[in-house]
Amino acid sequence: MFKIPDHQVAGHQASTGIIGPLIDDSGRFYKPLQSDHRGSQEVEFYTKFSSITEIPNHIRKFFPIYYGTKQIEASDGSGPCPHLVMEDVVSIRTNPSLMDIKMGSRTWFPTASEDYIMKCLKKDRETTTLPLGFRISGFQIYGDKDSGYWKPERKYVLGFSTDDVRVALKKFVSSNSSNDLVAEPDFAFAESVYGGPNGVLAQLLKLKTWFENQTIFHFYSCSVLMVYEKEPALKGDSPGVTVKLIDFAHVIEGEGVIDHNFLGGLCSLIKFISDILDNLPHNSAQNSEN
Ligand SMILES: O=P(O)(O)O[C@@H]1[C@@H](OP(=O)(O)O)[C@H](OP(=O)(O)O)[C@H](O)[C@H](OP(=O)(O)O)[C@H]1OP(=O)(O)O
Ligand SMILES: Nc1ncnc2c1ncn2[C@@H]1O[C@H](COP(=O)(O)OP(=O)(O)O)[C@@H](O)[C@H]1O
């Protein structure tokens, strides 16, 4: 049985008459192959990535497991069409908080058409992509049983300024994440989600080490997807932090050159997260005592 994902925060989403991803109950995510270069480019990426034996396992785990392509009934009822089949990275979660961050200070790849470059450039200029080297594409933050999720509209998120991004990254790990950026974040989950040996910061630093050397791919318009769950954290258990890279529709060959576009964005994101950890209320008190 296929169904529309409950926890998709960005990208093309299935709705009446609109084709979008589907999931099944065995933990697989089905992304319809876009008919232009995007579908084939993403398949090409996964095929090549799967065949490169020198990619270490601690890096491979940042990518959803790939299961090839499959013809299934499209979400819009238009009939069978090919889908990319991959691991559903939120399938085992009950109430996940998720954030999709599109990386790089430019989202267009050099060989794209002039029209496509102009379209992307406009969006890159109007969002934090250009100044920060990344933009938040979408997120959902779980509140509690009564309040449910804060899942703002795409347009609102794309309008974020640098300050808004900073606040959103704080609210993402706060327990009082009411449906706006106004209330003061309480950082309740900052240490358990961003900090620690398996936290977001540690994982991003591992990725950075790889990106400082890898010259196989250039990951234009690819996203970092961060996932965790508040409820276990409230009980003192692990929030189950997951960091994955997704969306490889615009990945091109690196041709021996590092992916400075992605790497720059990654360093910028790392700085934002480190700053949050370094300036937690109790750390700030300690800092001012020293
Ligand atoms: O056309 P839009 O405005 O929906 O743009 C899509 C983007 O939405 P955004 O406005 O940045 O949130 C969308 O971004 P998100 O995945 O939402 O971050 C994709 O970049 C999508 O491109 P592709 O499927 O990766 O080729 C983009 O689609 P294409 O422009 O490539 O069709
Ligand atoms: N493997 C996956 N498992 C779970 N959710 C995913 C997976 N891949 C993508 N998503 C969800 O779908 C959204 C859009 O994915 P993406 O590949 O960027 O699509 P698009 O090319 O339409 O932009 C992501 O923000 C995320 O919420």
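The values are calculated or read from the model by the stated rules, or taken from the named source; none is laboratory data. Bear in mind that the values here come from a model prediction, so they are computed numbers and not experimental data. Using ideal geometry, Cβ is built from the backbone for each residue, glycine included, and neighbour counts are taken over all protein chains shown. These accessible areas exclude ligands, DNA and RNA; they are computed on the full protein's heavy atoms, side chains included. Shrake-Rupley method; radii C 1.70, N 1.55, O 1.52, S 1.80 Å.
Listed here are the residues, each with its yes/no results for (1) under 18 Å from the mean Cα position of the chain (by Cα); (2) under 15 Å from D275 (Cα atoms).
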{"residue": "D163", "(1), (2)": "no, yes"}
{"residue": "V182", "(1), (2)": "no, no"}
{"residue": "A188", "(1), (2)": "no, no"}
{"residue": "E191", "(1), (2)": "no, yes"}
{"residue": "N198", "(1), (2)": "yes, no"}
### Query
Has segment 27-46 got at least one residue that is near ligand 2 (Cβ under 10 Å from one of its atoms) and of a type in the set (D, E)?
yes
### Query
Looking at this structure, is G265 part of a loop (DSSP other than H, G, I, E, B), surrounded by 14 or more Cβ atoms within 10 Å (Cβ to Cβ) and either touching a Pro at 6+ places or on another chain (Cβ under 8 Å) or touching a residue at least 60 places away in the same chain (Cβ under 8 Å) (or both)?
no
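Does segment 78-92 hold any residues that are over 16 Å from the mean Cα position of the chain (by Cα) and on the phi < 0 side of the Ramachandran plot, and which are they?
S78, P80, C81, P82, H83, L84, V85, I92
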### Message
If I ask for residues that are more than 11 Å from ligand 1 (Cβ to nearest atom) and of a type outside the set (G, A, S), which ones from segment 114-133 would you list?
### Response
E114, I117, M118, L121, R125, T128, L130, P131, L132
### Task
Scan segment 74-86 and report the pairs whose first residue is open to solvent by 10 Å² or more (accessible area, probe 1.4 Å) and whose second residue is aliphatic (A, V, I, L, M) and part of a strand (DSSP E or B), with Cβ atoms within less than 8 Å and a gap of 6+ or a chain change.
S75/I18; S75/L22; D76/I18; P80/I72; C81/I72
